[in-house]
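Structure first, then comments.
The values are calculated or read from the model by the stated rules, or taken from the named source; none is laboratory data. Just so it is clear, the model here is predicted, and its values are computed rather than measured. Positions of Cβ are generated from backbone atoms using ideal geometry, with glycine treated the same way; all protein chains shown enter the neighbour counts. What goes into the accessible areas is simple: the full protein's heavy atoms, side chains included, and nothing from ligands, DNA or RNA. Shrake-Rupley method; radii C 1.70, N 1.55, O 1.52, S 1.80 Å.
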Amino acid sequence: MTMINRSRLTIFALLLTGILGSIIAIWSWSANAQTASLTVSPTVARQNTTVTLYGSGFVPGEKVSIWITYPDYTVYGVTVLTIDERGQFSHPYLPDFLGATFTPTGRYTYTARGWQSGREAYASIDVDIAPAPGTTAGVQLTVDRAVQTQGNTFTFSGSGYKPGERVALWLRYPNNAVADLGVQIADGQGRIGLAIDSNGVPVGRYALTARGLQSGGNGIVEFEVQVGDALRPRGTAGLEVGPGSSQQRSAVSLRGTGFLPGEVITIWATRPDYSTEWLGDVTAAADGSFTTELYLSEQNPAGRYAFSAYGNRSERRAVAEYTLLPGR
């Protein structure tokens, strides 16, 4: 009788231990499953505007990595922060991700991830074009040919500035990003001149602005770059890319055939906006083939690419298309 009671007591204790273990496991899972949150203010901003990121629901004292996804799905690191004792952070930030004064317009997404908790939160912001000064009466800025294909040179002339004054120049790209082109000194008649080479740049509508820093005189002229091909190949070769598509942060292999034995082959990529990027040179094997591997990081825009291989002696060219998908 005593043995039976002891056995029942042992079974009861084991059951109680199991129940308590399950409760602790459920509570622990619930605590770990706590969600973090991320907000950005304002949610709609103009270029060159400082925004503030607010995060909560993280583990006090843990570090949090923040990165941003561009409208074209390229990804750049923003900062690493330490969470306060309330599990929160606040971070003012000027969207100057690439060192440009004005970033591209469109929708951006911030991601914050806790190093210890693994909690991840997202917030999006829409960036609109910044207001810009209009043209000034008496100032003229013209271009010789307003529409040309890639590889051609656009020549600009400006007049109506003060003799000898400094004139600031900047260029607006088709995605509304802005590049600083420096400063020119107007001549004795208040004139300036500039040439811009369109080799390998994105296609689309551009605007050049020239502003007199003393007079405040402002000139603007728009021009358009269309798809062009500066090469005149004398033959074709073969090029295969594998796989046909993959996500960012993956490798692709290129295999070319039909080139001359031992010749140097130049490889480049035509990106989704039709800008071009030189990827390097390889040497063909004795059978005129080559194999190489490329890594496409999170800073390569998602979209349709065309890889090209050009034999520098044979002048043969091969092209293969590839789709890069956004990473996860």
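The table for this structure:
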quantity	calculated
Among (1) buried (at least 17 other Cβ atoms within 10 Å of the Cβ); (2) over 30 Å from Asn175 (Cα atoms), the one test that Val75 misses	(2)
Count of residues meeting criterion [among the small types (Gly, Ala, Ser), under 16 Å from Asp180 (Cβ atoms) and open to solvent by 10 Å² or more (accessible area, probe 1.4 Å)] in the range 206-223	0
Pairs, first closer than 28 Å to Arg46 by Cβ in the range 175-203, second basic (Lys, Arg) and in a loop (DSSP other than H, G, I, E, B), C-beta under 9 Å, six or more apart	Pro202/Arg271
Every residue from the range 238-255 that is out of contact with any Ser or Thr (no Cβ under 6 Å at 6 or more places or on another chain) and within 11 Å of Ser308 (Cα to Cα)	Leu239, Glu240, Val241
Number of the exception - Tyr122 against (1) open to solvent by 30 Å² or more (accessible area, probe 1.4 Å); (2) at pLDDT below 95; (3) part of a strand (DSSP E or B); (4) of a type outside the set (Gly, Ala, Ser)	(2)
Considering residues of the range 224-252 that are hydroxyl-bearing (Ser, Thr, Tyr) and open to solvent by 50 Å² or more (accessible area, probe 1.4 Å) only, the residue modelled with the highest pLDDT	Thr236
Output for the range 125-141, where each listed residue is surrounded by fewer than 12 Cβ atoms within 10 Å (Cβ to Cβ) and either in contact (Cβ under 8 Å) with a residue 60 or more places away in the chain or closer than 25 Å to Tyr73 by Cα (or both)	Pro131, Pro133, Gly134
Conditions (1) modelled with pLDDT of 90 or more; (2) open to solvent by less than 40 Å² (accessible area, probe 1.4 Å); (3) polar (S, T, N, Q); number of the one not met by Ser37	(2)
Selection status of Asp144, at pLDDT 95 or above, within 29 Å of the chain's Cα centre (by Cα) and surrounded by fewer than 15 Cβ atoms within 10 Å (Cβ to Cβ)	no
The range 299-323: number of residues that are crowded, with 19+ Cβ neighbours inside 10 Å and within 10 Å of Arg249 (Cα to Cα)	1
Test: Gly190 is modelled with pLDDT of 95 or more and at positive phi	yes
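To keep it simple, each residue is scored yes or no on (1) within 15 Å of the chain's Cα centre (by Cα); (2) part of a strand (DSSP E or B); (3) farther than 21 Å from Arg249 by Cα.
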residue: Tyr54; (1), (2), (3): no, yes, yes
residue: Val59; (1), (2), (3): no, no, yes
residue: Ser65; (1), (2), (3): no, yes, no
residue: Ile68; (1), (2), (3): yes, yes, no
residue: Pro71; (1), (2), (3): yes, no, no
residue: Thr79; (1), (2), (3): no, yes, no
residue: Asp84; (1), (2), (3): no, no, yes
residue: Gly87; (1), (2), (3): no, no, yes
